[in-house]
Amino acid sequence: MRLQDLYAHDQRSLPSAVHVFLGRVWREALAGPDRERAICAFEVATLLGLRRALRNGTVWIDHSLAFRSREKLFIPAAQWQAHRRAYFRRLGLPTDARTFLEPLAERAQAGLAAVAAAAEAGALRVDDELHLTPLVGEEEDPQLDKLRTALDRRIGEAQLPELILAVDAEVRFSWIMLGREPRSTHELLMVYAGIPAHGTTLSAAETARMIPQLAASAVRQAMRWAADERRLAEACSAVLTFMHRHPIAATWGRSDLASSDMMSLETAKRVWQARLDPRRQTPSIGIYSHMRDRWGIFHAQPLVLNGQRQAGAAIEGIVRHEELDIAQLAVDTHGHTDFAMALAKLLGFDLCPRLKALKDRHLFLPRGTAIPESVLEICSASVDLERIRSHWDDTVHLIASVHAGHTSAVYVTARYGSASRGDPLYESVVHLGRLLRTVFLCDYFLNDVFRRELLRVLNRGEAVNALKRAIYTGRVASHQAKHSDEMQAGRCRRLKLARQHPDGLEHRPDAEGPGPLGTAPGRHRPARARRPRCTEPHRGHQPARRVPLPSATPRKS
């Protein structure tokens, strides 16, 4: 029986002779004596089933990018077969799954033995769940306060125009924004005015009142110049590269560690991407940003709140910036799934989640693994290595499609989410992700240095989100959020303001000593001098080496 047939006969109740099976949840409502209630349950179950099918790709729309079929996520079969070995080499993955899985399974078993030993020694407490010992606060070197005071005296005070001019003199981001050398002082001022006009809640008229040399129409023209998101992203990248070029940046943290997190910006409810922020109860748009351990945002993108998976955005930000060679990406619980953890590992970096309900997270080992009695309550030997091996070629096919730019990690994680349970490829990747999560958690439980590093880089991301919220205090205007490209350009302007950090200028590589510089508004507090990174590596995760593939499809932006 189809709903279409019932509608054609204008029936308002489900006939008793009709038997419909749409899952155990709907069995009672569909078989109950109230047939009007039964047809309502039939309609709701059909709509929910259609939504699930659209999410997992079993039902698709030909002209839609977000709801295209699963087959379109993959590199075409003919191209894959012709360059299959080249794609494997580029990803640094073996063609035989056993070569990849056997060392991984050994590391998982070694990690399990170490966790069991720690539980028996009392370092970890395991009953029906895991109880992790909180980190002890580190004592700060008293010399750091003296260093901060000395730097604060040297830097002094300055105004925002001085800072913009100093950064532009070193980076020439105005040339990048214009695509050529500025032809006049008036044109240069227009570039400078366009940044705060779009990066804050100031209107063009309010910005023009702060710059007597410019009219509001000139500021609006400067805002239109920056509509090209690629050009603006290039200018932001140049500022970030300049900051990290200075020797002092090496003391801020690790070069191969980054974090990602989302913040919400309030907007008008008529904006099509706006959703209700569960915390503030206001219509908002999510901005997902990637932050380096050595400070500086290198990627950001808009997200629909409660509608898009953050794990895909987290992976996409690293894939688009291979030049940074990020080995580990710290995320919170919302940026993690088992599928995404395997996807990230096969793309060449490690997803390191700081899980909210850590005590509820169990360790998964290959089937047949002997589990020590001391950790039996938090372990499960349920990972099917044979299932991973049988779908290894399809898995790498999907990974190569993301790495080569044929599709996006955002779309892949959307198609292969929880709605895809039961799909063979999804289940095999999830089993691999569980094994990787076990290796990660064993290191996380036992390596306090590693835990501190993840906590530090995540806290820095939160600090930058607070800075962005201080810069952009109002609502995102409707005309700035009509399309994703406009949101992308708007966030880049905010990032440019946040990236113009004075510490880099204070420590130029070619300077003999610190020079005068400041920031605005008010007095700048220099970045705290950080302790050098501990040399103890995170042994469980090593980035895969990427080999260039000239014949690969260019990445789409």
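If only one of 454, 458, 435 is modelled with pLDDT of 90 or more and under 22 Å from residue 388 (Cα atoms), which one is it?
On the way: 454 fails: under 22 Å from residue 388 (Cα atoms); 458 fails: under 22 Å from residue 388 (Cα atoms).
None of the other options fit; the residue is 435.
Quick check on the stretch 86-107. Is at least one of its residues under 30 Å from residue 448 (Cβ atoms) and touching a strand residue (DSSP E or B) at 6+ places or on another chain (Cβ under 9 Å)?
Yes - at least one qualifying residue is present in the stretch 86-107.
If you scan the stretch 321-332, which residues turn out to be buried (at least 20 other Cβ atoms within 10 Å of the Cβ) and either within 12 Å of the chain's Cα centre (by Cα) or part of a strand (DSSP E or B) (or both)?
Hits for the stretch 321-332 are 328, 329, 330, 331.
Taking the stretch 286-309 only, how many residues are assigned to a strand (DSSP E or B) and basic (Lys, Arg)? Steps first, answer last, please.
Keep residues of the stretch 286-309 that are assigned to a strand (DSSP E or B), which gives 286-292, 297-303.
From what is left, the residues that are basic (Lys, Arg) are 292.
Number of matching residues: 1.
Does the stretch 243-251 contain any residue that is farther than 23 Å from residue 299 by Cα and either in a loop (DSSP other than H, G, I, E, B) or among the aromatic types (Phe, Trp, Tyr) (or both)?
no
Exactly one of these conditions fails for residue 353: (1) touching a strand residue (DSSP E or B) at 6+ places or on another chain (Cβ under 6 Å); (2) within 23 Å of residue 112 (Cα to Cα); (3) part of a loop (DSSP other than H, G, I, E, B). Give me its number.
Looking at each condition in turn, residue 353 falls short on (3).
Is it the case that the stretch 51-61 has a residue that's in contact with a strand residue (DSSP E or B) (Cβ under 6 Å, 6 or more places away or on another chain) and of a type in the set (A, V, I, L, M, F, W, C)?
At the first step, the residues of the stretch 51-61 found to be in contact with a strand residue (DSSP E or B) (Cβ under 6 Å, 6 or more places away or on another chain) are none.
Taking every residue of the stretch 51-61 in turn, none turns out to be in contact with a strand residue (DSSP E or B) (Cβ under 6 Å, 6 or more places away or on another chain) and of a type in the set (A, V, I, L, M, F, W, C).
Exactly one condition in (1) surrounded by fewer than 24 Cβ atoms within 10 Å (Cβ to Cβ); (2) part of a helix (DSSP H, G or I); (3) of a type outside the set (Lys, Arg) is not met by residue 312; state its number.
Of the numbered conditions (1) surrounded by fewer than 24 Cβ atoms within 10 Å (Cβ to Cβ); (2) part of a helix (DSSP H, G or I); (3) of a type outside the set (Lys, Arg), the odd one out for residue 312 is (1).
Does the stretch 276-285 contain any residue that is under 23 Å from residue 412 (Cα atoms), of a type outside the set (Lys, Arg) and not in a loop (DSSP other than H, G, I, E, B)?
Filtering the stretch 276-285 for residues under 23 Å from residue 412 (Cα atoms) gives 285.
Those left that are additionally of a type outside the set (Lys, Arg): 285.
Adding the requirement that they be not in a loop (DSSP other than H, G, I, E, B) leaves 285.
Yes: one or more hits.
Scan the helices (runs of 4 or more DSSP H) fully inside the stretch 360-445 and keep the ones with 2 or more residues being in the same structural domain as residue 118 (by TED's automatic domain parsing), of a type in the set (S, T, N, Q) and out of contact with any Lys or Arg (no Cβ under 6 Å at 6 or more places or on another chain). Before you say what the answer is, go through the steps one by one.
Numbers: elements: 385-390, 392-403, 409-415.
Of the helices (runs of 4 or more DSSP H) lying wholly inside the stretch 360-445, those with at least 2 residues that are in the same structural domain as residue 118 (by TED's automatic domain parsing), of a type in the set (S, T, N, Q) and out of contact with any Lys or Arg (no Cβ under 6 Å at 6 or more places or on another chain) span 392-403.
Would you point out the residue of the stretch 355-380, among those that are in contact (Cβ under 8 Å) with a residue 60 or more places away in the chain and closer than 14 Å to residue 128 by Cβ, that is nearest to the chain's Cα centre (by Cα)?
Ranking the qualifying residues of the stretch 355-380, first place goes to 361.
What are the residues in the stretch 157-210 that are over 15 Å from residue 231 (Cα atoms), among the aliphatic types (A, V, I, L, M) and in contact with a helix residue (DSSP H, G or I) (Cβ under 7 Å, 6 or more places away or on another chain), if any?
Scanning the stretch 157-210 gives 163, 164, 166, 167, 188, 190, 193, 197, 202, 204, 205, 208.
State which residue is surrounded by the fewest Cβ atoms within 10 Å (Cβ to Cβ) when the search covers only the stretch 81-118 and only residues that are of a type outside the set (A, V, I, L, M, F, W, C) and not in a helix (DSSP H, G or I). Walk me through it before giving the result.
So in the stretch 81-118, the residues of a type outside the set (A, V, I, L, M, F, W, C) come out as 81, 83-85, 87, 89-90, 92, 94-96, 98-99, 102-103, 106-107, 109, 111.
Next cut, not in a helix (DSSP H, G or I) only: 83, 92, 94-96.
Numbers: 83: 19, 92: 14, 94: 14, 95: 13, 96: 11.
Per the criteria, the residue is 96.
The values are calculated or read from the model by the stated rules, or taken from the named source; none is laboratory data. Model, not experiment: these values are computed from the prediction. When we count neighbours, we look across all protein chains shown, and the Cβ atoms used for this are built from the backbone with ideal geometry, even at glycine.
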